[in-house]
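The values are calculated or read from the model by the stated rules, or taken from the named source; none is laboratory data. Since the model is a prediction, treat every value here as computed from it, not as a measurement. Please note: Cβ atoms are built from the backbone with ideal geometry, for glycine as well, and neighbour counts cover all protein chains shown.
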Amino acid sequence: MGRAIFDDIKPPEENVNNDDTASTADHSIRNVAPLETQERETRRAKRAERRRVPEVFEGTSATKQSSARGIIAKYGVWTLAVVVLALALSVVGFVFIGKTTISIVPKQDTVTLSSNIVYTAYQEAEDGELQYTLITYTTEATETITATGSETVEEKASGKIIVYNNHSSAPQRLIKNTRFEALNGEIYRVRNSIVVPGKKSDGTPGAIEITVYADKAGEGQNMTAIGSKFTIPGLKGDPRYDTFHAELSEPIIGGFVGKRAIVDEDVLNATQTQLRGQLRDAATAATQERLSDTMVFFGESSLFTSFESAPVTYTDDNEALVREIMYSQAVVFDENELARTLATAALATPNEGEILIDNPDALSMTIVNKDGVDIKNDALIQFTFEGRADLTWQVDTESLKQDLVGKNSEALNTIMSGYPGIKSAQATIRPFWKNEFPSETDGISVELNPVN
């Protein structure tokens, strides 16, 4: 390529006499005065400032900053790739591999219970009747109080014996104040009537532990030899005399005649009341702990208790030990049977199937004439409920899965009809192109989704 010749640029001619020419000469690059050194340094610094790359991290050189940005860019891309891959695999697993799921809404109902309806339950129920079960519990509590004086007293000893029925398989009642005679001729009595269970099918005698009291006051009636035998004089001439007997299970003690410290009667009564309250709470808690998953218990309202005040014992340091013994029987129900009873009473046509009460704590139970009920011996009890009971019908999910295995998806509604506890159900089958349920129950998941 030839050289470009710039022959149209000429230095201006000097002509100091021509004003126009002089004006042009003032703007010629030849007439531009050179910058001072300080000004040049200032402008150079400003240009360098405009070209400088901003520091990303304080105290990091430009080279290190560039390296950091490279690492972030490099691993950021890989991280994004891993996340996208994980999401893709999750979608594939859900759509193509995931379990078949049956979502079920169980049947539910709420019934309002009125105290105007009286229910009846039986110890030995027949078909269609509600049965109750008794959970028995015995415990005691003690408290030490200060004696307030002394007096001459006569105390009868007391302790525990076990009465055995080897007569028949039928329970046998012994009346109030039944006598038990020790081998030395001393007489002890039971203060309340008792029922001795019948002997078992394997021949084991029926047995019950009771408290007996000496017929006379004094230390001579104390007995400590565990296993000592007793007969029942009142059965003489009856075949049961030879088939009933008793044995000492806890020492008979407390017999005393003489001068001894005493306690204030009001203080004693208040202490006994306090101890009985503690024992009721203990019986309620103990019953709750012994309930099975299928039982329901309504607390102290369905608890029968009786108390025995043991003789007050005194120590040498002028203190008295107060001891209260409690015997309790708690009425409990099978939850499904009770729920079925409530549903039958409150609903016109309750669905078949097993039912559970979702909120038994919301119900208040009252036993009719509770003080007059002999809970150990009576054959039935009557009671009322107040409150709102939430009932949920149960679904046997394992049987449902068995019934669905290998079936066409269209069979779901037909199979559901055999489960009265199901209100509605929806199946999601995986992979999506299949129209039948898996061939193994492990491939089917059942979810229960109550409305409440």
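If a residue has to be without any contact (Cβ under 8 Å) to a residue 24 or more places away in the chain and of a type in the set (D, E, K, R) to count, how many in region 397-409 make the cut?
Here is the first cut: in region 397-409, the ones without any contact (Cβ under 8 Å) to a residue 24 or more places away in the chain are 399, 403.
Within this subset, residues satisfying the condition of being of a type in the set (D, E, K, R) are 403.
Number satisfying all stated conditions: 1.
For Ala411, state whether it is more than 15 Å from Glu447 (Cβ to Cβ) and either among the basic types (Lys, Arg) or assigned to a strand (DSSP E or B) (or both).
Criteria not met by Ala411.
Given Tyr164, Tyr241, which one is surrounded by fewer than 16 Cβ atoms within 10 Å (Cβ to Cβ) and not charged (D, E, K, R)?
Numbers: Tyr164 fails: surrounded by fewer than 16 Cβ atoms within 10 Å (Cβ to Cβ).
None of the others qualify; the one that does is Tyr241.
Scan region 167-183 residue by residue and report those that are surrounded by 14 or more Cβ atoms within 10 Å (Cβ to Cβ) and either at pLDDT 95 or above or under 23 Å from Glu250 (Cβ atoms) (or both).
Residues satisfying the conditions are Gln172, Leu174, Thr178, Arg179, Phe180, Glu181, Ala182.
Within region 204-227, identify whether any single residue is closer than 18 Å to Ile252 by Cβ, in contact with a helix residue (DSSP H, G or I) (Cβ under 8 Å, 6 or more places away or on another chain) and part of a loop (DSSP other than H, G, I, E, B), and answer yes or no.
No, region 204-227 contains no residue that is closer than 18 Å to Ile252 by Cβ, in contact with a helix residue (DSSP H, G or I) (Cβ under 8 Å, 6 or more places away or on another chain) and part of a loop (DSSP other than H, G, I, E, B).
Restricting to region 273-283, name every residue that is surrounded by fewer than 18 Cβ atoms within 10 Å (Cβ to Cβ) and in contact (Cβ under 8 Å) with a residue 12 or more places away in the chain.
Within region 273-283, Gln274, Arg276, Gln278, Arg280, Ala282 meet the criteria.
Filter region 342-357 for residues that are of a type in the set (S, T, N, Q) and part of a loop (DSSP other than H, G, I, E, B); which is surrounded by the fewest Cβ atoms within 10 Å (Cβ to Cβ)?
Thr349
Would you mind stating whether Leu248 is outside any strand (DSSP E or B) and closer than 29 Å to Val322 by Cα?
On the way: outside any strand (DSSP E or B): no; closer than 29 Å to Val322 by Cα: yes.
For Leu248, the condition - outside any strand (DSSP E or B) and closer than 29 Å to Val322 by Cα - is not met.
What's the number of the only condition in (1) within 19 Å of Glu155 (Cα to Cα); (2) surrounded by fewer than 16 Cβ atoms within 10 Å (Cβ to Cβ); (3) among the small types (Gly, Ala, Ser) that Gly254 fails to meet?
The number of the failed condition is (2).
In this structure, is Thr384 surrounded by 15 or more Cβ atoms within 10 Å (Cβ to Cβ), more than 25 Å from Glu126 (Cβ to Cβ) and among the β-branched types (Val, Ile, Thr)? Show your work before the answer.
Details: surrounded by 15 or more Cβ atoms within 10 Å (Cβ to Cβ): yes; more than 25 Å from Glu126 (Cβ to Cβ): no; among the β-branched types (Val, Ile, Thr): yes.
Considered against the rule, which asks whether it is surrounded by 15 or more Cβ atoms within 10 Å (Cβ to Cβ), more than 25 Å from Glu126 (Cβ to Cβ) and among the β-branched types (Val, Ile, Thr), Thr384 comes out as no.
Restrict the check to region 270-288 and report whether at least one residue is out of contact with any Cys (no Cβ under 7 Å at 6 or more places or on another chain) and on the phi > 0 side of the Ramachandran plot.
No, because not a single residue in region 270-288 is out of contact with any Cys (no Cβ under 7 Å at 6 or more places or on another chain) and on the phi > 0 side of the Ramachandran plot.
Please give the number of the condition Glu265 fails out of (1) under 26 Å from Thr136 (Cα atoms); (2) among the acidic types (Asp, Glu); (3) more than 26 Å from the chain's Cα centre (by Cα).
All conditions pass for Glu265, except number (1).
Residue by residue, here is whether (1) crowded, with 17+ Cβ neighbours inside 10 Å; (2) touching a strand residue (DSSP E or B) at 6+ places or on another chain (Cβ under 8 Å); (3) over 26 Å from Ser302 (Cβ atoms) holds:
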{"residue": "Ile145", "(1), (2), (3)": "no, yes, yes"}
{"residue": "Gly149", "(1), (2), (3)": "no, yes, yes"}
{"residue": "Thr152", "(1), (2), (3)": "no, yes, yes"}
{"residue": "Gly185", "(1), (2), (3)": "no, no, yes"}
{"residue": "Val196", "(1), (2), (3)": "yes, yes, no"}
{"residue": "Lys199", "(1), (2), (3)": "yes, yes, yes"}
{"residue": "Tyr213", "(1), (2), (3)": "yes, yes, yes"}
{"residue": "Lys216", "(1), (2), (3)": "no, yes, yes"}
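Give, as residue ranges, the strands (runs of 3 or more DSSP E) completely inside region 146-189 that count at least 3 residues that are more than 50 Å from the chain's Cα centre (by Cα).
Output list reads 149-165.
Any idea which of (1) of a type in the set (D, E, K, R); (2) in a loop (DSSP other than H, G, I, E, B); (3) within 19 Å of Lys107 (Cβ to Cβ) is the one Arg430 doesn't satisfy?
(3)
Starting from residues that are of a type in the set (S, T, N, Q) and either more than 29 Å from the chain's Cα centre (by Cα) or at pLDDT below 90 (or both), keep the ones in region 360-381 and report whichever is surrounded by the most Cβ atoms within 10 Å (Cβ to Cβ).
The extreme case among them is Asn377.
Could you please let me know if Asp293 is assigned to a loop (DSSP other than H, G, I, E, B), modelled with pLDDT under 90 and under 28 Å from Thr148 (Cβ atoms)?
Judged against the criteria, Asp293 is not a match.
What do you reckon, is Ala270 free of Cβ contacts under 8 Å to residues at least 24 places away in the same chain, surrounded by fewer than 17 Cβ atoms within 10 Å (Cβ to Cβ) and not in a helix (DSSP H, G or I)? Talk me through it step by step, then tell me what you get.
Details: free of Cβ contacts under 8 Å to residues at least 24 places away in the same chain: yes; surrounded by fewer than 17 Cβ atoms within 10 Å (Cβ to Cβ): yes; not in a helix (DSSP H, G or I): no.
So Ala270 fails the test.
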